[in-house]
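Everything below concerns the one structure shown next.
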Amino acid sequence: MAKVKFEVPELTGEIAIPGLKEDAAAAVKSHNAPAKDMTDLGFPTELVPDWKEKAVAKFAELLKKYRSLKVFMDICVKCGACTDKCHFYLGTKDPRNMPVARAELLRKVYRRYFTTAGKVLGKLAEAEDLTREVMEEWYTYFYQCTECRRCSLFCPYGIDTAEITMAAREIMDTVGLGAKYPLQTINKAITIGNNLGMPGPAIRSTLDFMEEDVKEQTGVPVKFPMDVKGADVLLITPSADFFATPHVESLAGYAKVFHQAGISWTLSSYASEAGNFGMFNGNYEHMRKIAGRIKVAINELKPKRLIHGECGHAWRVAYSFWNTLIGPFDSLDPKYPAPQHICEFTYDLINRGALKLDKTANDDFVVTFHDSCNVARASRMGNSPGGQFEIPRAIIRATCNKFVDMHPDTIREKTFCCGAGGGLLADEIIDLRIKGVMPRMQAYKAVKDSHGANFFALICAICKAQFTKVFPYYGYEMEEVGGVHQLVSRAIVLGGKEGI
Amino acid sequence: MPSLKYEGGSVELDKNGYLASINAWNEAVAAAIAKREGISKLTEDRLEVIKFLRNYYIKFHSFPLLKMVCTNLHKPKTCASRPFKMDPLKAWKVAGLPNPGEEILVYLQGPLHPEE
């Protein structure tokens, strides 16, 4: 069993609103980005001498560019509806992790430099100078927000707190204060083509291994194609699917579904990443560069369809941003959505009776489903509202006999974040991640107690990485964590009924 | 740059403890890095893993899928989640390979792998 080094919240099965503990999370800080990554991404390597002027100028630029940001700075009435909705406040008890208090770190500076009352009255108008201390607070607490937007759901004004976090991070990057994990990951994605920095031949070697592995287990020669020109489908998936456990089990699921559907498909070694951390730091240019590789792959491989693997924030980027970043997708077949989520694809095949699924293959499991925040609150799936909730659940129900949902206040659009999205999967903040996952763990504990839940199904690479890491701290096995297509992979009957 | 003494000489490490030059590696260097990382003994099993990681890196410039390590070394299936009773990142360091980068680190760091 794992060594427990941190204070792990007690599991009771209930989410209690904690009393305040000032500065409880003040010491939790992401590491600064190395000089090389800052330089490569066009940022200064350390805080520039005229950082205050540059930061205010950047703030002004963002307020002009994003009208929404200005509205979000102006309209908060501090009603408090968001205060107890954030997993980081519930987990750390730090009052500055209440979304309104975190946003106030930026708002007080906004008032000082961009409102008349703040310019004239200063502190009387709740305005504050941008000082080194304030900037440090920004760095601490805007890297304690996963941009999950649960607070926004409960905000009567619809203030998108994630956008506030993104703006603060973009301002800090510009003056030379960047965080290592998200920025190094962005740099790898831009230069090598995926977050993990895996060159094409390394991915191919993994795919070869998976072909052998699936053949050995099933006796069926399921292919894992890469860089095949003219294949019907180009699959864009997070690179963790080529490297990590349990991610790779979902990759096997996708391959088996394509095999059984008789549809030709390919991965791309050049565009080997669905993830796009550019969004986390609010940098449109980085987003465009990362997504640009997909456009190149479409032009080279000439697929008819574009399908997207299991990844939460990446699906938000794909669903909401690809069209403006790299669209329009004129060369693709207009009969299909572009992009289409792998869950939509599999769900469609199940509905048409094109897949034979043996539910008993998953009889060892009582499955529950964790809605990933960027899928739940920032995108959709299929043709009807709520498809992003119904489709993955329908797939799960088709692949197992025992499914149970967690408490209604913790699923669907009200889902709790895994505690590591938004560029917070870094090891140095594991303490924060353990506390941030607390609400979700309470909900899981409740269905464990009531229904014996023992399989935690996901459609997000970051969620998979976070839960496999934090489950042992709470005394659960990492093997309980898996992908929706991992369940498909286990249940699908290969052979028998080829083609559609 | 810190240097590390081993039986037969000394080698340079980077600030995070990775061997500065991949070519400076031999089994005596491996033993010295292992000791620095708190691994008391490089058993045959562990050396096998370390050599696999090293050969894979030289060929593919990447960390292999953990499941691939298990299969290639004919280890039991559980090896994929708790590989070779050894922290894979330490195995990587002992193999004399460079810092694998932040995203690889976040996937492999953690409490899952007993140190000894």
Condition broken by A:A378, with the remaining ones in (1) within 24 Å of A:H286 (Cα to Cα); (2) without any contact (Cβ under 8 Å) to a residue 60 or more places away in the chain satisfied: (2)
Within the range A:234-241, is there a residue that is at the interface with chain B (Cβ under 9 Å from one of its Cβ atoms) and under 17 Å from the mean Cα position of the chain (by Cα)? yes
Pairing a residue in the range A:5-25 that is under 27 Å from A:D449 (Cβ atoms) with any residue that is part of a loop (DSSP other than H, G, I, E, B), where Cβ atoms lie under 7 Å and the two sit 6 or more apart in sequence or on different chains, gives A:I17/A:D84; A:P18/A:K93; A:G19/A:K93
Segments classed as helices (runs of 4 or more DSSP H), wholly inside the range A:38-124, with at least 3 members that are under 28 Å from the mean Cα position of the chain (by Cα): A:51-65, A:67-75, A:87-92, A:99-114
Between a first residue in the range A:478-492 that is under 14 Å from A:G309 (Cβ atoms) and a second residue that is among the acidic types (D, E), which pairs have beta carbons less than 9 Å apart while being 6 or more apart in sequence or on different chains? A:G483/A:D241; A:G483/A:E249; A:G483/A:E310; A:V484/A:E310; A:H485/A:E249; A:H485/A:E310; A:Q486/A:E249; A:S489/A:E249
Within the range A:205-229, the residues that are within 11 Å of chain B (Cβ to nearest Cβ) and surrounded by fewer than 16 Cβ atoms within 10 Å (Cβ to Cβ) are A:D208, A:E212, A:E216, A:Q217
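Among the candidates A:A274, A:A255, A:A240, single out the residue that is among the aliphatic types (A, V, I, L, M), out of contact with any Pro (no Cβ under 8 Å at 6 or more places or on another chain) and under 20 Å from A:Y181 (Cβ atoms).
Criteria check complete, one pass: A:A240.
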Can you name every residue in the range A:40-50 that is closer than 16 Å to A:K289 by Cα and not aromatic (F, W, Y)? A:D40, A:L41, A:G42
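Out of A:I462, A:I434, report the one residue that is within 11 Å of another protein chain (Cβ to nearest Cβ), in contact with a Phe, Trp or Tyr (Cβ under 7 Å, 6 or more places away or on another chain) and assigned to a helix (DSSP H, G or I).
The conditions single out A:I434.
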Any pair with Cβ under 8 angstrom, 6 or more apart, that starts in the range A:392-409 at a residue that is over 12 Å from A:A453 (Cβ atoms) and buried (at least 20 other Cβ atoms within 10 Å of the Cβ) and ends at one that is at pLDDT 95 or above and among the polar types (S, T, N, Q): A:I395/A:T346; A:T399/A:N362
State which residue is modelled with the lowest pLDDT when the search covers only the range B:72-109 and only residues that are facing another protein chain (nearest Cβ under 7 Å) and either buried (at least 21 other Cβ atoms within 10 Å of the Cβ) or part of a helix (DSSP H, G or I) (or both). B:A80
Quick check on my filter: what residues within the range A:404-420 are assigned to a loop (DSSP other than H, G, I, E, B) and at negative phi? A:V404, A:D405, A:M406, A:H407, A:I411, A:T415, A:F416, A:C417, A:C418, A:A420
In the range A:468-489, what count of residues is obtained for those that are within 14 Å of chain B (Cβ to nearest Cβ), in contact with a helix residue (DSSP H, G or I) (Cβ under 8 Å, 6 or more places away or on another chain) and assigned to a helix (DSSP H, G or I)? 11
Of the numbered conditions (1) within 23 Å of A:I186 (Cα to Cα); (2) in contact with a strand residue (DSSP E or B) (Cβ under 9 Å, 6 or more places away or on another chain); (3) more than 10 Å from chain B (Cβ to nearest Cβ), A:A426 satisfies every one except a single condition; which is it? (3)
Tell me, which residue of the range A:163-204 that is among the small types (G, A, S) and touching an Asp or Glu at 6+ places or on another chain (Cβ under 9 Å) is farthest from the other protein chains (Cβ to nearest Cβ)? A:G176
Which residues, taken from the range A:346-358, are in contact with a helix residue (DSSP H, G or I) (Cβ under 7 Å, 6 or more places away or on another chain), within 23 Å of A:Q388 (Cβ to Cβ) and either in contact (Cβ under 8 Å) with a residue 60 or more places away in the chain or small (G, A, S) (or both)? A:T346, A:L349, A:A354, A:L355, A:L357
Any chance A:T140 is over 19 Å from A:L424 (Cβ atoms) and either of a type in the set (V, I, T) or surrounded by fewer than 18 Cβ atoms within 10 Å (Cβ to Cβ) (or both): no
Given (1) crowded, with 24+ Cβ neighbours inside 10 Å; (2) free of Cβ contacts under 8 Å to residues at least 60 places away in the same chain, where does A:G312 come up short, assuming only one miss? (2)
Assess whether A:F329 counts as being in the same structural domain as A:N374 (by TED's automatic domain parsing), assigned to a loop (DSSP other than H, G, I, E, B), among the aromatic types (F, W, Y) and in contact (Cβ under 8 Å) with a residue 60 or more places away in the chain. no
Any residue at all in the range A:50-65 that's of a type outside the set (D, E) and under 30 Å from A:A443 (Cβ atoms)? no
Across the range A:158-187, the tally of residues that are among the charged types (D, E, K, R) and buried (at least 24 other Cβ atoms within 10 Å of the Cβ) stands at 2
Condition (residue is assigned by TED's automatic domain parsing to the domain that holds A:H308, surrounded by 24 or more Cβ atoms within 10 Å (Cβ to Cβ) and on the phi < 0 side of the Ramachandran plot) applied to the range A:469-476: is it met by at least one residue? yes
Could you pull out the residue among A:T415, A:T399 that is over 27 Å from A:G353 (Cα atoms) and of a type outside the set (A, V, I, L, M, F, W, C)? A:T415
Among A:G292, A:G282, the single one that is at pLDDT below 95 and surrounded by fewer than 24 Cβ atoms within 10 Å (Cβ to Cβ) is A:G282
Any idea which of B:F52, B:F63 is within 13 Å of another protein chain (Cβ to nearest Cβ), aromatic (F, W, Y) and part of a loop (DSSP other than H, G, I, E, B)? B:F63
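The values are calculated or read from the model by the stated rules, or taken from the named source; none is laboratory data. Source: prediction; values computed, not measured. Neighbour counts are summed over all protein chains in view; Cβ atoms, including those assigned to glycine, are modelled from backbone coordinates with ideal geometry.
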